[in-house]
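First the structure, then my questions, so here it is.
Read the figures in this text as sums done on the coordinates, not as results from a lab. Here the structure is a predicted model, which means the values were calculated and not measured. Glycine also receives a Cβ, built like all others from the backbone with ideal geometry; neighbour counts cover every protein chain displayed.
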Amino acid sequence: MISHEFIMSSCYGIIEDIFIQIHSQIYEGEPLFTIRNREGNIETVRVELSGRIHSLEVQKGDRVIPGMVLAFVKEDSFSIENQ
């Protein structure tokens with residue numbers, strides 16, 4: 001079974017780097033984005049799911065706010081342990 005999930009920003013800031021592309025396979029815990037927050041610190045966006053990137057909703061340099069969708073993922077129905 002495949003479900004669709006959102007990857008969201010947890011802070012106010014600016015997208016510094018994007019480590020994924022549309023159709024990329026992602027795995028639980030890997031870095032997906034970095035955001036420079038209001039204090040100037042870098043926050044790394046990671047998620048606790050595996051799947052394929054369906055769409056990217058931001059670009060490097062975009063301003064983000066908490067809860068803003070950064071990407072959509074089609075989540076895999078299997079876990080990493082089953083590979």
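Testing the spin-label approximation: label points 7 Å from Cα along Cα→Cβ at V69 and I14. State their distance in nm.
About 2.6 nm separates the two model spin labels.
Could you work out the relative contact order of the range 1-78? I mean the mean sequence separation of Cα pairs under 8 Å and 6+ apart, divided by the number of residues, in percent. Before the final figure, lay out each step's value.
Numbers: 193 pairs, mean separation 34.3, N = 78.
RCO, the range 1-78: 44 percent.
For the chain, what is Rg from Cα atoms divided by 2.2 N^0.38 Å, rounded to two decimals? Please list the in-between numbers first.
Values: Rg = 12.7 Å, N = 83, 2.2 N^0.38 = 11.8 Å.
That works out to 1.08 for the chain.
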